Amino acid sequence: MLSDIRIVEIEALGPAPFTAMLLADLGADVITVHRKTASDVPGKGERNLLDRGKRSIALDLKDPEDVALLRKLLRTADGLIEGFRPGVMERLGLGPEPCLEIQPKLVYGRMTGWGQSGPRVQEAGHDLNYIGLSGALWYGSPAGVPPFPPPTLVGDIGGGALYLAVGMLSGLLKARVTGRGTVVDAAIVDGSAHMMNLLMSLRASGGFRTERGQSLLDGPHWSRCYRCADGSYLSVQCLEPKFYRLFVDKLGLGDDPDFARQFEQGLWPDLGKRLETLFLAKPRTHWLALFEGSDACVAPVLDPESAAGDPHMAARGIWSEEDGRLQAAAAPRFDGNPPPRPRAAPERDAHRDEILAELSGS
């Protein structure tokens, strides 16, 4: 879909390379400017899964000759992605202004936690800090325990990488029409706060409260996970009354007057305890067989390796062993076609000769 787009990515951690991977998955020619030596941060070795489908050239951005090479590369680029703290690229002489002088239609994507302005811009931080400040962490766990959502998904990926991807694509569309580039300020605090607007819409109608454990999606017995006799877990979220009735009927609780009062908040804690006891009496296989094929909104909670073997996930080819590592397929899909199989992540500087040959001919 993006085969005529070239993105230059400056090596960073977390959401910036994820965005570049997503664009590469969608067909863009992503050239990663790696450091000449590997980072000592775990997960950033010589070959990183997030580099799949990309090409690599290693440059020292403090070396004038390498900076000159990067500038030449930018003349051929549609977009640039960087994930440094504000001011770093400017100090390297590679801020938006000089880069847009080199390539006026360049979409300059900036990925940070705190953004490009505000009192915290020079402070260090990570996923939990950003979503804690933005409000997105508040409902991250059941009431009574500290909030902790799945690592990186809400902040780095949801509020960061995906918003940068949308911003990059919007900027690329603008550049196609106007011939002028733009700067995308993608901050995790911005994106993760924006993601809260669905919950804010429920709050406006009375369906969500500030207090944890008191709202439609974070408090009821029909919107949580339960442990089974074998130590595995089930997810239950039958919000709509017709689905809830199926759920309680399948459990043989359809005639119980308390379970019939789905939205009576005062009953939720006791009914949740009753379901805890019930689900603990049988292994997950029993419950999955009971609910199979129904609209009761019950599903297993699986680790990635187990998810790869699930019939639905396997039928869609979502998880696979590629390049010696378990990884998820590209998303979204188009016209019912299976997602493309991404190329393996390259070794650092693997495409130097190829890229230099292209630049010499441009």
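Can you pull out the residues in region 183-208 that are out of contact with any strand residue (DSSP E or B) (no Cβ under 6 Å at 6 or more places or on another chain) and modelled with pLDDT of 95 or more?
Listed by number, the residues that qualify are Ile188, Val189, Asp190, Gly191, Ser192, Ala193, His194, Met195.
Across region 37-53, what is the total count of residues that are at pLDDT below 90 and among the polar types (S, T, N, Q)? Step through it out loud before you land on a result.
First, pick out the residues of region 37-53 that are at pLDDT below 90: 37-47.
Still in the list and also among the polar types (S, T, N, Q): 37, 39.
So the answer is 2.
Taking region 284-313 as the search range and keeping residues that are under 21 Å from the mean Cα position of the chain (by Cα) and of a type in the set (A, V, I, L, M, F, W, C), which one is nearest to Pro241 (Cα to Cα)?
Going through the qualifying residues, I end up with Val301.
Considering each residue of region 174-230, count those that are in a helix (DSSP H, G or I), within 29 Å of Gly125 (Cβ to Cβ) and not aliphatic (A, V, I, L, M), and give that number. If you could, list the steps in order and put the result at the bottom.
Initially, region 174-230 is screened for residues in a helix (DSSP H, G or I), giving 174-178, 188-194, 197-204.
Filter again for within 29 Å of Gly125 (Cβ to Cβ), leaving 188-194, 197-203.
Then drop every residue that is not not aliphatic (A, V, I, L, M), which leaves 190-192, 194, 197, 201, 203.
The qualifying residues number 7.
Quick one: how many residues across region 5-24 are of a type outside the set (Lys, Arg), surrounded by fewer than 22 Cβ atoms within 10 Å (Cβ to Cβ) and within 16 Å of Gln103 (Cα to Cα)?
Qualifying residue count for the region: 1.
Could you pull out every one of the strands (runs of 3 or more DSSP E) wholly within region 241-332 that has 1 or more residues that are at pLDDT below 95? Steps first, please.
On the way: elements: 298-301, 319-322, 325-328.
Per the criteria, 319-322, 325-328.
Would you check if there is a residue in region 81-90 being basic (Lys, Arg) and out of contact with any strand residue (DSSP E or B) (no Cβ under 8 Å at 6 or more places or on another chain)?
Just the residues of region 81-90 that are basic (Lys, Arg), to begin with: 85.
Remaining after also requiring out of contact with any strand residue (DSSP E or B) (no Cβ under 8 Å at 6 or more places or on another chain): none.
Taking every residue of region 81-90 in turn, none turns out to be basic (Lys, Arg) and out of contact with any strand residue (DSSP E or B) (no Cβ under 8 Å at 6 or more places or on another chain).
For region 251-281, enumerate the residues that are within 22 Å of Ala229 (Cα to Cα) and in contact with an Asp or Glu (Cβ under 9 Å, 6 or more places away or on another chain).
Asp270, Leu271, Arg274
The values are calculated or read from the model by the stated rules, or taken from the named source; none is laboratory data. It should be emphasised that the depicted structure is a prediction, and the values quoted were computed from it without experimental measurement. Note that we place each Cβ from the backbone using ideal geometry, even for glycine, and neighbour counts take in every protein chain shown.
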